[in-house]
Every structure is written in structure tokens, then in C-alpha cells.
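Throughout, read-outs are computed from the coordinates displayed, never taken from laboratory work. Quick caveat, the model's predicted, so the values are computed rather than measured. Here Cβ is always computed from backbone atoms with ideal geometry, including for glycine, and neighbour counts include all displayed protein chains.
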Amino acid sequence: MNVTDNREWLETIRARLEQRREELERQYQQGLRFLVAEGQSQADEGTVASHPADAASDVMMAEYQQTMLRTLEEELQEVRLALERIMEGRYGICVDCGRPIERERLEAVPWAARCIADQGRFEKEVERQRRSS
Ligand SMILES: [Zn+2]
């Protein structure tokens, strides 16, 4: 029997995904608020901060927050897609080969879209494209 036919198991996974989505959305909102507040305080101080060291660390913090937000956005998207797959009855099926994803993998990474073998291939391909561009 396919693990995804097990309603109880699927409900547990769904609850974990929803919890994760809420967490990520909260972090995302916090990050956004930080960037807005930071932009505001820079506007108040004028374009040049009174202390050069403050300006440098402000810029670094803002860049760090922007990177964080991008990562959070990507993770959120993966979680949302996984919840969509549950709703549409496609959860736990590898998007590449169409075979069931390993149960242990789904329990470890509930938003996984690929089986272990295809995830490995996918990551290598992404890495290869990053290097060649
Ligand atoms: Zn696969």
C-alpha cells in the first residue's frame, strides 16, 4: 500500500507543513518589517549615517535580511506546493519520475517534491547551470 493512502499519516504530514508555513510566514513578515524600519531610519538620518561604522553594519544587515527573505520565500513556495499536492491527491509522488517518494524522506522533509535519486540529479543539474552561467 502506498503511504499516501494512509489518511492519518497524511494528516500528520499536512499539520507539519501548515505549521512550517506559519513559521516561515512569521519570519518573512519580521524580515520585511526590519527592512522597512531600516529604510525609514536611514531616511531620517539622511543618506549618510553619522558614524561610518554604523552605515557599514546597517548595509550588511540589510543585505543579510534580503538574502534571508529570498531563502524564506523559496522555502515557503516549496511548502505551499506540497500542501497543494496534498489537496490535489498528488502528494508523495516524485515530480520527475512519477514514482512514490520514500516514506522516510517525506517524514524528514515533508515538502520534498522528488525521490532521493531525482533530487540528487536535480541538485547536480542546478549546480552545473550555476557554474556555466
Ligand atoms: Zn523520482
Exercise. Using only helices, what value at 222 nm comes out for the chain when you add -39,500 (n - 2.57) per DSSP H run of length 4 or more and divide by the total residues, to the nearest 500 deg cm²/dmol?
Worked result: -26000 deg cm²/dmol
For this session: Going by C-beta contacts inside 10 Å, put Trp111, Trp9 in order with the fewest on the left.
Result: Trp9, Trp111
Exercise. Using 1/(1 + (r/R0)^6) with R0 = 41 angstrom and r between the beta carbons of Val36 and Asn6, what's the FRET efficiency to the nearest 0.05?
Worked result: 0.40
For this session: Using just the alpha carbons, could you tell me how many Å³ per residue the convex hull of the chain encloses?
Result: 138 Å³
Exercise. Using 0.36 nm per residue, how much length does the chain from Glu84 to Ser132 gain when fully extended, once their Cα-Cα distance is taken away?
Worked result: 14.0 nm
Seminar exercise, completed: Expected sort for Leu10, Leu72, Leu81 with the fewest Cβ neighbours (10 Å cutoff) up front is Leu81, Leu10, Leu72
